[in-house]
Amino acid sequence: MPVQPQTTALLEPPLLVFILLLNLFVLGTSRLRAVIGASALQGVALGILTVTRHGEVSVEIVAVAVGAVAVKGVLIPRLLHKAMRDAAIEREVTPLIGFVGSILVGAVGTALAVIFSSTLPLRDEDVGSLILPSAFSTVLTGFIVLTTRRKAITQVVGYLILENGIFIMGLALIAAMPFLVEVGVLLDLFVAIFVMGIIINHISREFASTDIDQLSSLRE
C-alpha cells in the first residue's frame, strides 16, 4: 500500500533534524543514561524513516523498520542500561575533547556535511534533502564519541551512532541497496554490541572500572 508522497515529504525533514539534534545532545551531555536514551530515540527515528523513505508499506519494509526499532531502540539500550547498573557508573568523566568542544566540532562537521553533500551528484528528489548530511554528520558524531570518550559503555554507544549514520546512508541509496544488506547491517550491529557488552562486563568485574585509562596500568 503506497504512502502518499506528501506524507513522506512532511515526515522526513523533521525526523532528520531530530536525528541531528540528538547527535549534538550526545556530544554535549555527560550523563550515560541520557546518552543511551538518545541513541535509543535515534533507533526509533530510523525505523520510522525507513518506512517514509521507501514510500510504500510492504512486509519487507515493515520487517526492516521493526527490526531497526527493536534492536537499536529497545534491545541494545536495555543491554547498555544493564551494563551501566552492573558497573555502577552514572557519568562520563571528562573526555579527551570537552563537552563544549565536542558540540562545536559536531556543529562544524554538520555544516561541512551539508556543504559537501551539495556537491555530490544526487537524484532530483534528493536535491536539498538532509538525508546525506544527516548520514555524514551521524557517522562523524559516532566517531567523535568512539575516539574521545573514556568509558567503555559510551564507546559502545559511539559505535551504535556511527552505525546509525551508515544505516541512513543505506536509506539514501535505497534504490541500489537490497533489503538483505540492510538486514545484514542490523545483524552485524547486534553481534558487535553483544561482544562489546561481554568485554565491558569482564572489564568491570576484573578492574572495578570501565574507564579505559585504567587499562594503561596493565603490564605484560
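The values are calculated or read from the model by the stated rules, or taken from the named source; none is laboratory data. Because the structure is a prediction, the values reported are computed rather than measured. We place every Cβ from the backbone using ideal geometry, glycine too, and count neighbours over all the protein chains shown.
Kindly establish whether Val93 is over 14 Å from the mean Cα position of the chain (by Cα), surrounded by 18 or more Cβ atoms within 10 Å (Cβ to Cβ) and at pLDDT below 80. Outline the logic, then answer.
Details: over 14 Å from the mean Cα position of the chain (by Cα): yes; surrounded by 18 or more Cβ atoms within 10 Å (Cβ to Cβ): no; at pLDDT below 80: yes.
No; evaluated as a whole, the condition is false for this residue.
Only one residue in Ile76, Ile48 is at pLDDT below 90, under 15 Å from the mean Cα position of the chain (by Cα), in a helix (DSSP H, G or I) and surrounded by 21 or more Cβ atoms within 10 Å (Cβ to Cβ). Which one? Quick ask: steps written out before the conclusion?
On the way: Ile48 fails: surrounded by 21 or more Cβ atoms within 10 Å (Cβ to Cβ).
Step by step, each of Ile76, Ile48 is checked, and only Ile76 is at pLDDT below 90, under 15 Å from the mean Cα position of the chain (by Cα), in a helix (DSSP H, G or I) and surrounded by 21 or more Cβ atoms within 10 Å (Cβ to Cβ).
Among the residues in region 54-67, are any in contact with a Gly (Cβ under 6 Å, 6 or more places away or on another chain) and buried (at least 18 other Cβ atoms within 10 Å of the Cβ)?
Within region 54-67, the subset in contact with a Gly (Cβ under 6 Å, 6 or more places away or on another chain) is 65.
Filter once more, keeping what is buried (at least 18 other Cβ atoms within 10 Å of the Cβ): 65.
Yes, that holds for at least one residue.
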